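Below is one structure, written out as structure tokens, with a few remarks after it.
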């Protein structure tokens, strides 16, 4: 039998506790053996056999881990990932991989030079609705696609006090939700010819952006990505317009809500959406519901483990994370200068 890959989790906040730890614990090829908690020992409540460390340096020196999962504030991703790679550990980083594309390129070169796996946690490639959209486009049900929209909205009128809403490197909604929306668009359509962005601070007293609208153009195909913290009305998560008809899908993938409710991944009906929540196809002379495929975030860490063991190709590659960061930087440039930014301006930088 293949030995389990000893894994250390850096950061046991909301995402580390509710998503990463359960996914690691669920995967038979991985073993959660260490957690970095600076001031608490909360992780021991669920995982009594783990070793708790107060810093990444302490964990790298004293533990026998083979892989490090980084779930700390965005500005800490680069130095912590770099330290882990230099120590000879495989690394998974919460999105965004780093705050700049240059930092991500440094990590990519370092990982390749040491023969290590480096990936960013793009779990939403395994959202049920996104898997359904991929299938829908592959089946060409709507014909040639002319317009594609993806939204990721919340309603949080009162700003929080955490780092995500402060004026610090890597804060704001573009860094928070942009990597997911951009990654999905790239998976579906590849590189755009140009982008245009509006990035706003809409709530009173906020320090970090809380709205963005990003246009990515592919010839005559317009891809519109938006995220808002002030939307409290129904709006399709996905809206696709094609020559033969349209598709609309409301509601978010159900896996995140399941994690928050304490439901363990892999249980019965995991990731399977209720039929009444399926999206709809609208053709010229008919309309019908289109079944949502089951989502499954467990496939991410299954692939990571098999990639480390040399059994599969890595699905979420650092080069893709670098490209997403370049698009985020181009969006910031577009917003600052009020113009389109062409791919030739940022691809080779």
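Computed from the coordinates by the stated procedures, all read-outs in this text should not be read as laboratory data. Predicted model, so just to flag it, every value in this text is computed and none were measured. Note that each Cβ is placed from the backbone with ideal geometry, even for glycine, and that neighbours are counted across all protein chains shown.
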Gyration tensor verdict on segment 38-90 (Cα atoms; rounded if a/c is under 1.5, prolate if a/b is larger than b/c, oblate otherwise): oblate
Per-residue Cβ neighbour rank within 10 angstrom, fewest leading, 239, 136, 314, 347: 347, 314, 239, 136
Gap separating the Cα centres of segment 252-269 and segment 163-221, nearest whole Å: 26
Between 0 and 90°, nearest 10: helix 173-189 axis offset from the chain longest Cα axis: 70
Angle in degrees between helix 298-308 and the longest Cα principal axis of the chain, rounded to the nearest 10: 50
When segment 5-121 is reduced to its Cα atoms, the Kirkwood hydrodynamic radius in Å: 14.0
Packing-based order for 51-63, 294-306, using average beta carbon neighbours within 10 Å, highest first: 294-306, 51-63
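Is it possible to state the helix-based mean residue ellipticity at 222 nm for the chain, with each DSSP H run of 4+ residues giving -39500 (n - 2.57), the sum divided by total residues, to the nearest 500 deg cm²/dmol? What is it? Don't skip to the end; give the middle numbers.
Details: 9 runs with 103 residues, N = 349.
The helix contribution divided over the chain gives -9000 deg cm²/dmol.
Quick one: order 33, 289, 161 by neighbouring beta-carbon count within 10 Å, fewest to most.
Details: 33 21, 289 12, 161 7.
In increasing order of surrounding Cβ atoms, one gets 161, 289, 33.
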For segment 226-349: rounded, prolate or oblate by the Cα gyration tensor [a/c cutoff 1.5]: oblate
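Rounded to whole Å and sorted largest first, what semi-axes of the equivalent ellipsoid does the C-alpha gyration tensor of the chain yield via the square root of 5 times each eigenvalue? The partial results should precede the final answer.
Details: eigenvalues 216, 115, 83 Å².
Three semi-axes, in Å: 33, 24, 20.
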Segment 258-315 - convex hull of the alpha-carbon atoms, volume per residue in Å³: 129
Shape category assigned to segment 66-173 from the gyration tensor of Cα positions, a/c cut at 1.5: oblate
Length added when fully stretched, residue 45-residue 140, from 0.36 nm per residue minus Cα-Cα: 29.3 nm
Residue among 212, 155, 130 with the largest mean-square fluctuation in a Gaussian network model of the chain, springs linking Cα atoms under 10 Å: 155
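Pop the C-beta distance of residue 62 and residue 156 into the FRET formula with R0 = 35 Å and round what comes out to the nearest 0.05. Show your work: numbers first, answer last.
Numbers: r = 39 Å, r/R0 = 1.13.
Between residue 62 and residue 156 the formula returns 0.35.
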Ranked 113, 119, criterion: other C-beta atoms within 10 Å, fewest first: 113, 119
Cα→Cβ-extended label distance, 7 Å offset, between residue 224 and residue 347, nm: 2.6
Antiparallel bridges, percent of DSSP beta bridges restricted to the chain (to nearest 5): 55
Spin-label model distance (nm) - residue 2 vs residue 267, 7 Å beyond Cα toward Cβ: 2.8
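Using 0.36 nm per residue, how much length does the chain from residue 113 to residue 202 gain when fully extended, once their Cα-Cα distance is taken away? Can you show the working numbers first?
Details: separation 89, 0.36 × 89 = 32.04 nm, distance 4.39 nm.
Gain on extension, residue 113 to residue 202, equals 27.7 nm.
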Tilt relative to the chain, helix 128-139 - C-alpha long axis, 0 to 90 degrees, to 10: 50
Linear extension gain, residue 14 paired with residue 235, 0.36 nm per residue minus alpha-carbon span: 76.9 nm
Choice from 170, 13, 178 with maximal GNM fluctuation in the chain (Cα, 10 Å cutoff): 13
